[in-house]
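Okay, structure first, notes after.
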Amino acid sequence: MKEACEQGIFKGVNLHENGPCISHLFYCDDALFIGEWSKANISNLARILRCFHASSRLKVNFNKSRVFGTGASQLQVNRWARLLGCEPSSLPFIYLWVPVGANMKLKKHWSPIVDKFNAKLSDWKARNLSFGGRLTLIKSVLSLLR
């Protein structure tokens, strides 16, 4: 992806005037591609993913993949999702228990995270642990929130 961006094959998104250009984020076996909203960019992403499959023998499951278009019409999102063989979707969505594209200043968007945290962290464990033990427990629970 880095080479595709450097050669202008795929156009990522600049975060700021002098900031970095982001084209992809990877987490475990998940990938998030972020790019300019154009048919050429979508087509080139499909080609890049086919090359990835040919070279690595790892196939992208397009049935589990989704296309989001910020500021694009739902008709365009549907059309380009079909081009990739993905599901069209819209913001906000939940990824690793975190709402993506939601206004995180609103308390309601933190509810799934807080509920998941509360479900994992029992009161009796917190009361009976030392400060260091509580810190370790909190770090452990946070790492499980995915």
Checklist entry - Out of all the residues in the range 78-85, is one or more touching a Phe, Trp or Tyr at 6+ places or on another chain (Cβ under 8 Å), free of Cβ contacts under 8 Å to residues at least 60 places away in the same chain and either assigned to a helix (DSSP H, G or I) or open to solvent by 90 Å² or more (accessible area, probe 1.4 Å) (or both)? => result yes
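Yes or no, residue by residue, for (1) in contact with a helix residue (DSSP H, G or I) (Cβ under 8 Å, 6 or more places away or on another chain); (2) over 30 Å from Leu142 (Cα atoms); (3) not aromatic (Phe, Trp, Tyr):
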residue	(1), (2), (3)
Glu3	no, yes, yes
Lys11	yes, yes, yes
Asn18	no, yes, yes
Ser23	yes, no, yes
Asp30	no, no, yes
Ile42	yes, yes, yes
Arg50	no, yes, yes
Asn63	no, no, yes
Leu83	yes, yes, yes
Checklist entry - Can you name the residue in the range 112-137 that is of a type in the set (Phe, Trp, Tyr) and more than 20 Å from Val98 (Cα to Cα) and, of all such residues, is modelled with the lowest pLDDT? => result Trp124
Checklist outcome for this item: All conditions in (1) within 23 Å of Tyr95 (Cα to Cα); (2) open to solvent by 60 Å² or more (accessible area, probe 1.4 Å); (3) not aliphatic (A, V, I, L, M) are true of Cys51 except (1)
Checklist entry - List the pairs whose first member sits in the range 90-117 and is of a type in the set (D, E, K, R), whose second member is open to solvent by less than 70 Å² (accessible area, probe 1.4 Å), and whose Cβ atoms are under 8 Å apart, counting only residues at least 6 apart or on separate chains? => result Lys116/Leu145
Next on the checklist: Could you go through the range 58-65 and let me know if any residue there is open to solvent by less than 40 Å² (accessible area, probe 1.4 Å), assigned to a helix (DSSP H, G or I), touching a Gly at 6+ places or on another chain (Cβ under 9 Å) and modelled with pLDDT of 85 or more.
Outcome noted: no
Next on the checklist: Going through Leu45, Leu75 one at a time, which residue ends up being modelled with pLDDT of 90 or more, in a helix (DSSP H, G or I) and either buried (at least 17 other Cβ atoms within 10 Å of the Cβ) or among the aromatic types (Phe, Trp, Tyr) (or both)?
Outcome noted: Leu45
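The values are calculated or read from the model by the stated rules, or taken from the named source; none is laboratory data. Owing to the predicted nature of the structure, the values given are computational and were not obtained by experimental measurement. All Cβ positions, even for glycine, are placed from backbone atoms using ideal geometry, and neighbour counts span all protein chains on display. Just so you know, the surface numbers come from the protein's heavy atoms only, side chains and all, with ligands and any DNA or RNA stripped out. Shrake-Rupley method; radii C 1.70, N 1.55, O 1.52, S 1.80 Å.
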